[in-house]
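The values are calculated or read from the model by the stated rules, or taken from the named source; none is laboratory data. Quick caveat, the model's predicted, so the values are computed rather than measured. Cβ placement follows ideal geometry from the backbone for every residue including glycine, while neighbour counts extend to all protein chains displayed.
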Amino acid sequence: MALRTPLFEAHLNAGGKLVEFAGWSLPIHYGSQMEEHHAVRQEAGMFDVSHMTVVDLHGAGARDFLARLLANDIAKLKDQGQALYGCMLNAQGGVIDDLITYFIDEDFYRTVVNAATREADLAWMHEQAGAFDVSISERDDLAMVAVQGPKARERVINLLQAPAAANLKPFRAMSHGDAFIARTGYTGEDGFEVLLPVASAESFWTGLVDAEVQPCGLGARDSLRLEAGLNLYGQDMDTSTTPLESNLAWTVAFDPSERDFIGRAALEAQRESGVGRQLVGLVLGRGGIPRSGTEVGTPAGPGVVTSGCFGPTMACPVALARIPAGNFEAVEVALRGRKLEARVVKPPFVRGGKIRV
């Protein structure tokens, strides 16, 4: 039986169509995925992301542990509440997961990891933590709601009566009462991700509904993140791919050279020998939507679509695809026995409500 978030009954009451995702029962939509997508781009929408795993790290060795664990450099976090996006790698440089880490205090950090990789992530963290003075605890007492869109922040601030949150910069977080408010998201729009006690989740959700924030499901979440050029773990990257071939080289901090993060040697070797694959954006015209696994033809050899959908803001099919390294203006996508031309672009397709390609 699928797990249920604290908002399960709220989804049913709102008419959400529930499906199983990463072992959880979550809404795919509340009637119209298209309307939900546009609500986030134009006004404000909200997502139940309580299935994601919040992990708190305590101890004098927490910072040194994260310096070893993450490919990005935790030393970049100078201010309390500052956040860092990066990948947790295996020794071969493969992506175990991508996650956000928050600097709460000198001996307290918080990470949020993907639901589908929860068990593997926690096992890996505990395995690597042995040499460090750090404790690792899963916060299953917290729910998480993402509120996204150009009007999202003002509606959260008004509901929580948290005027100080108006001063939060992107990738910063703060505590307000029993809520943890982070200016982060997965849609390409501005907004907050709010962590709060399980007992407070439904009243917060209901308050947002009353404030005319549109409930949104997994369908809109996927089309929004894809238009924003944001990777989905398990499709656009996994342990068989490295950040350097997943459009995430910017999250790898090779400086300082003495920081020996897990996977560093493998990435340095790949960088020196040349990265043979790249993750690119594709824009198609009419003729069909390329889904994950669709073959892509290039002058340098075959590639594959990792994620694809109809982009409501783009008003056409869009995709991410892993193809051989090289400079290509167009490639061919094999769909239903036909070869359709696709324009190669650098993601994101849409960011801040505006088409970027």
Study note, to complete from the structure: Among 67, 10, the single one that is part of a helix (DSSP H, G or I) and more than 25 Å from residue 171 (Cβ to Cβ) is 10
**Study point:** Selection within region 7-38 - aromatic (Phe, Trp, Tyr) and surrounded by fewer than 18 Cβ atoms within 10 Å (Cβ to Cβ)
**Key:** 21
Exercise for review: Quickly run through region 282-338 and pick out the residues that are within 21 Å of residue 233 (Cα to Cα), of a type in the set (Ser, Thr, Tyr) and not in a strand (DSSP E or B).
Suggested key: 292, 294
Check your understanding: Can you pull out the residues in region 206-254 that are of a type in the set (Gly, Ala, Ser), under 14 Å from the mean Cα position of the chain (by Cα) and over 21 Å from residue 8 (Cβ atoms)?
Key -> 223, 228, 229, 234, 246
Check your understanding: In region 70-83, which residues are in a loop (DSSP other than H, G, I, E, B), surrounded by fewer than 17 Cβ atoms within 10 Å (Cβ to Cβ) and either of a type in the set (S, T, N, Q) or in contact with a His (Cβ under 7 Å, 6 or more places away or on another chain) (or both)?
Key -> 80
Exercise for review: Looking only at region 114-127, decide whether some residue is of a type in the set (Gly, Ala, Ser), surrounded by fewer than 17 Cβ atoms within 10 Å (Cβ to Cβ) and assigned to a strand (DSSP E or B).
Suggested key: no
**Study point:** Boolean, residue 259 is basic (Lys, Arg) and in a loop (DSSP other than H, G, I, E, B)
**Key:** yes
Exercise for review: May I ask you to list pairs of residues, at least six apart or on different chains, whose Cβ atoms are under 8 Å apart, with the first in region 110-128 being more than 16 Å from residue 24 (Cβ to Cβ) and the second being part of a helix (DSSP H, G or I)?
Suggested key: 125/69; 128/65; 128/68; 128/69
Review point. Is it true that residue 97 is in a loop (DSSP other than H, G, I, E, B) and within 19 Å of residue 52 (Cα to Cα)?
Key: no
Check your understanding: What number of residues in region 88-103 are among the β-branched types (Val, Ile, Thr), in contact (Cβ under 8 Å) with a residue 40 or more places away in the chain and over 15 Å from residue 234 (Cα atoms)?
Key -> 1
Check your understanding: Does residue 315 fit the bill of being in contact (Cβ under 8 Å) with a residue 12 or more places away in the chain, surrounded by fewer than 19 Cβ atoms within 10 Å (Cβ to Cβ) and not β-branched (Val, Ile, Thr)?
Key -> no
Review point. In the set 41, 4, which member is at negative phi, of a type outside the set (A, V, I, L, M), modelled with pLDDT of 95 or more and surrounded by fewer than 16 Cβ atoms within 10 Å (Cβ to Cβ)?
Key: 4
Study note, to complete from the structure: A careful count of residues in region 135-190 that are closer than 17 Å to residue 353 by Cβ, among the basic types (Lys, Arg) and assigned to a loop (DSSP other than H, G, I, E, B) gives 2
Practice item. Give just the number: which of (1) buried (at least 18 other Cβ atoms within 10 Å of the Cβ); (2) farther than 23 Å from residue 190 by Cβ does residue 140 not satisfy? Key: (1)
Review point. Does region 267-284 contain any residue that is of a type outside the set (Phe, Trp, Tyr), farther than 30 Å from residue 220 by Cβ and crowded, with 20+ Cβ neighbours inside 10 Å?
Key: yes
Revision key, fill the gap. Residue count, region 215-244, condition closer than 19 Å to residue 309 by Cβ and not aliphatic (A, V, I, L, M), comes to 14
Practice item. Keeping to region 189-217, report how many residues are in contact with an Asp or Glu (Cβ under 7 Å, 6 or more places away or on another chain), without any contact (Cβ under 8 Å) to a residue 60 or more places away in the chain and surrounded by fewer than 21 Cβ atoms within 10 Å (Cβ to Cβ). Key: 2
